[in-house]
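Colleague: Below is the structure I would like to discuss, written out as structure tokens.
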Amino acid sequence: MKPHFFSTVLPLILLLSITTISAQKEVYFNTAKPEDIKVESFSGFETRVSLNPNGFMTGFAFSFPTYYEPALYIGYYNEKRIADSWTLKGTIGLQNVASKRLIWVKDSINGNLFANTSNYTVGYELLLDLGIEPRWYWDYKNKYQLGEARLNSGWFLSFPICFQTTLLHSPEPIYNLGWLPIWFYGYASIIPTLGYRQVISKHWFLEGSFGLGTNFIFNINTWTHKFEITNPFLTPQLSIKAAYTFK
């Protein structure tokens, strides 16, 4: 009788104790003071896949995704709390782009160059990508009280400002251009973005976002040698991201 009693009752007592301790922790977690609930600060590495507008076909910015280029970004980020529900995120990394490039043709009579705008070829670009991004996690406190806010999981509204410049590009034989750019040019964007972050482990999270904002192209004019910025153009942007974090 005694062996049977201990083999049956003791596991139940242990299970009840564990459940009680867990429940106590949950009650304490859910009764945190609102003023003590704040987003986290952390840093890590991230990779994202996105569709970016082709800078040389800005007139077709809303022809989605025909005039967009797939890009793979890998870089470092640091997300710092600046208010209870706000963070400031800084990023630096490299973006690999399957670029859509105009096909240049040389006139056989006078030797002039002109672009075949009815078609394009696919090349490669390696970009240096720098960004700064204020973020507002508007439902963070509710997610926190449900125990679902680890690594700032949930909906967010952000205002990223991004600068990109080309480090390498596919050679252009007509213009006698090699892998290294011979003049300075790049892109800048300000794209208000709506996104959602979902934690999947202690150190990993996934993120999806969609934005609509303004893009610019800047360069040094090869003839006048002056710095120029194109007229801004409105464009959407879509991206999916995975990130590893450490504190």
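Colleague: Taking other Cβ within 10 Å of each residue's Cβ, how do 130, 146 sort, fewest first? Spell out each step's value before the answer.
Modeller: Details: 130 17, 146 12.
Ascending Cβ contact count within 10 Å gives the list 146, 130.
Colleague: Separate question: Could you sort 226-238, 41-53 so that the peptide with the highest average Cβ count within 10 Å comes first and the rest follow in order? Walk me through the numbers on the way to the answer.
Modeller: On the way: 226-238: 13.7, 41-53: 17.5.
Answer by packing, highest mean first, reads 41-53, 226-238.
Colleague: Output the pairs from 141/241; 33/202; 33/141; 89/247 with a Cα-Cα distance over 18 Å in this structure; if there are none, say none. Don't jump to the answer; show the numbers that get you there.
Modeller: On the way: 141/241 23 Å; 33/202 24 Å; 33/141 10 Å; 89/247 14 Å.
In this structure, 141/241; 33/202 lie more than 18 Å apart at Cα.
Colleague: Take the Cα pairs of the stretch 138-206, get the Kirkwood Rh, then feed it into Stokes-Einstein at 20 °C and 1.002 mPa s and tell me D in µm²/s. Each step should come with its number before you reach the end.
Modeller: Numbers: Rh = 15.7 Å.
This corresponds to a translational diffusion coefficient of 136 µm²/s.
Readers should treat all values here as calculations from the given coordinates under stated rules, not as data from a laboratory. Just so it is clear, the model here is predicted, and its values are computed rather than measured. Using ideal geometry, Cβ is built from the backbone for each residue, glycine included, and neighbour counts are taken over all protein chains shown.
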